[in-house]
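Visitor: Please see the structure below; I have some questions.
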Amino acid sequence: MSKPRRSEPTSAAAPDLMKPEQLAAEWQVSTKTLANKRASGGGGPPYVRVLGGIRYSRRAVSEWLAEQQAARGAA
């Protein structure tokens, strides 16, 4: 008998979470670029680990982008 497959979270928060591939496609960058930002310990959008995978919250990414734009405008 085969093991049941683990599925993606189905909570209300799940639609807010993006996989690195989804964010990379929206930003037109490679997933490697996002991985490099995570590995460098900063400089990239906030992320969380969910069930062993990386996820980005749409709201947190939007807030991070706004902060980046404000910081560049103030410089």
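The values are calculated or read from the model by the stated rules, or taken from the named source; none is laboratory data. Just so it is clear, the structure is predicted and the values come from calculations on it, not from any experiment. Here the Cβ positions follow ideal geometry from the backbone for every residue, glycine too, while neighbour counts run over all protein chains shown.
Visitor: Return the only residue of Ala25, Ala14 being aliphatic (A, V, I, L, M), surrounded by 11 or more Cβ atoms within 10 Å (Cβ to Cβ) and modelled with pLDDT of 95 or more. Can you show your working first?
Guide: Working: Ala14 fails: modelled with pLDDT of 95 or more.
After applying the criteria, what remains is Ala25.
Visitor: State which residue is nearest to Val61 (Cα to Cα) when the search covers only segment 19-38 and only residues that are assigned to a helix (DSSP H, G or I) and aliphatic (A, V, I, L, M).
Guide: We begin by selecting, within segment 19-38, every residue assigned to a helix (DSSP H, G or I); these are 20-27, 31-38.
Next, only the ones that are aliphatic (A, V, I, L, M) stay: 23-25, 34-35.
Working: Leu23: 9, Ala24: 12, Ala25: 14, Leu34: 12, Ala35: 15 Å.
Looking at residues that are assigned to a helix (DSSP H, G or I) and aliphatic (A, V, I, L, M), I get Leu23.
Visitor: Look through segment 57-75, keep the residues that are in contact (Cβ under 8 Å) with a residue 12 or more places away in the chain and in a helix (DSSP H, G or I), and return whichever of them is nearest to Gly42 (Cα to Cα).
Guide: Filtering segment 57-75 for residues in contact (Cβ under 8 Å) with a residue 12 or more places away in the chain gives 57-61, 64-65.
Adding the requirement that they be in a helix (DSSP H, G or I) leaves 58-61, 64-65.
Numbers: Arg58: 18, Arg59: 18, Ala60: 15, Val61: 14, Trp64: 12, Leu65: 14 Å.
Per the criteria, the residue is Trp64.
Visitor: A further question follows. Do you know which residues across segment 39-56 are over 8 Å from the mean Cα position of the chain (by Cα) and either surrounded by 15 or more Cβ atoms within 10 Å (Cβ to Cβ) or assigned to a loop (DSSP other than H, G, I, E, B) (or both)? Full working, then the answer.
Guide: As a first pass, look at segment 39-56 and keep what is over 8 Å from the mean Cα position of the chain (by Cα): 39-44, 49-53.
Hits for segment 39-56 are Ser40, Gly41, Gly42, Gly43, Gly44, Leu51, Gly52.
Visitor: Could you say which residue among Arg59, Arg49 is touching a strand residue (DSSP E or B) at 6+ places or on another chain (Cβ under 9 Å) and at pLDDT 90 or above?
Guide: Values: Arg59 fails: touching a strand residue (DSSP E or B) at 6+ places or on another chain (Cβ under 9 Å).
After ruling out the rest, the residue left standing is Arg49.
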